[in-house]
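The next block holds one structure in the form of structure tokens; read it before the comments.
Coordinate-derived values only; no laboratory data. Note that the structure is predicted; figures quoted are calculated from it, not measured. Virtual Cβ from ideal backbone geometry, glycine too; neighbours counted across all protein chains shown.
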Amino acid sequence: MRGVRSRESSPILGRSGQRFLAEAGVPGAALVLEDRGRSTAESARLCARILRERGWRTALLVSDPWHLPRAARLFRREGVTIFPSPAFDSPTWTRSGPRLRHTLREGVSLGVQRLGPARQRRRAETPAGGSPIREHAPAGEAL
């Protein structure tokens, strides 16, 4: 379970999800709370570490439908095989205002996340104060 921190820094969703699953009959030993992450990327890293320490390779990833594509990408990047499960009954999904706002924000975040590796590669190829290094073949030769 991944906990979400409120402004008071207390994990809220993780603990309530943990209670829900325990009441549904999921054994306590199968429920682990990660409540230190302050972002989805950080939580993905911390959850992946927990999974590896326990010898687990797969996880059920439950989140708002608008958040699931980016969260799934981050968990996969950490090497976790996930089974995504959108929470279509979430208040941020069932109400059109929050759904639109969150979907737009996540779309931008996902785009930035996808561009990040390309932007980092360009920076690595750029000498200090110069333009990206490009290899050129002598006239008439191919690289």
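Rounded to the nearest 20 Debye, what is the dipole magnitude of the stretch 36-120 about its Cα centre when Lys and Arg each give +1 and Asp and Glu each give -1 at the C-beta?
Details: 17 positive and 6 negative charges, 57 e Å.
Magnitude of the dipole: close to 280 debye.
Could you point to the residue in 62, 116, 87 farthest towards the positive end of the stretch 36-120's charge dipole, with +1 and -1 charges on the Cβ of Lys/Arg and Asp/Glu respectively?
Farthest along the dipole direction, towards plus: 116.
Quick one: which of 26-33, 14-21 comes out on top by average Cβ neighbours within 10 Å, and what's the full order, highest first? Intermediate values should be presented prior to the final figure.
Numbers: 26-33: 11.4, 14-21: 15.8.
Most protected by this proxy first, the peptides run 14-21, 26-33.
To one decimal place, what Kirkwood hydrodynamic radius in Å is obtained for the stretch 36-120 from all pairs of distinct Cα atoms? Show your work: numbers first, answer last.
Values: mean 1/r = 0.0731 Å⁻¹.
Here the Kirkwood hydrodynamic radius works out to 13.7 Å.
Could you list 50, 82 so that the one with the fewest beta carbons within 10 Å of its beta carbon is first and the one with the most is last?
Numbers: 50 15, 82 19.
So the ranking, lowest neighbour count to highest, is 50, 82.
Between beta-carbons, use under 15 Å as the cut-off and find the net charge around residue 91, counting Lys and Arg +1, Asp and Glu -1. Before the final figure, lay out the partial values.
Working: positive: 95, 99, 101; negative: 64, 89.
Around residue 91, the surrounding residues sum to +1.
If I stretch the segment between residue 85 and residue 30 completely, what's the gain in nm (0.36 nm per residue apart, minus their alpha carbon distance), one decimal?
Details: separation 55, 0.36 × 55 = 19.80 nm, distance 1.77 nm.
Residue separation times 0.36 nm, minus the Cα-Cα distance, leaves 18.0 nm.
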